[in-house]
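I have placed the structure first, in the form of structure tokens, so that the comments after it can refer back to it.
What follows draws every value from the coordinates through simple rules; no lab data is involved. Just so we're clear, the structure is a prediction, and the values are computed from it rather than from any experiment. As a convention, Cβ positions derive from the backbone with ideal geometry for all residues, glycine included, and neighbour counts pool all protein chains shown.
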Amino acid sequence: MKKRSLTLAVLLLLVLSVQVHGVWYVARATPSLSFSGTTAQCTGRVIADNDDDAIKATLTLWDGSKVVDSWSSSGTGSLSLSGSCTVSKGKKYTLTLDATVNGVSISQRPTSGTC
């Protein structure tokens with residue numbers, strides 16, 4: 001009986017800690033890519049749940065598997081970062097935004113576009 005109650009208590013603690021962890025680090029990371037002539041305009045925004053959450057982010061523009069350029073920043077609560085660089089007409093580029101909030105990675109979908 002003691003073993004069973006201990007097992008149930010441990011399981012309950014695990015479930016509660018996963019729920020707290022899931023709620024604690026809810027954040028959004030959004031990359032955006034546009035072109036003006038042969039200039040790629042790259043922006044990203046990361047919004048955390050709390051104003052004091054530590055954010056680190058890197059915005060990276062890719063030509064296939066080759067890095068064209070990247071920009072990094074850090075802050076708390078919310079973070080915007082941007083950059084621009086010269087690209088080639090007719091090529092497809094992908095923009096990724098890698099971010100962490102309080103050291104936890106935030107997933108996001110990369111965005112792509114053709115110059």
**OP:** Sort the following peptides by mean Cβ neighbour count (other Cβ atoms within 10 Å, averaged over residues), highest first: 45-53, 96-104.
**Re:** 96-104, 45-53
Subject >> Along each principal axis, Cα extent of the stretch 37-99, largest first, Å >> reply: 42, 22, 14
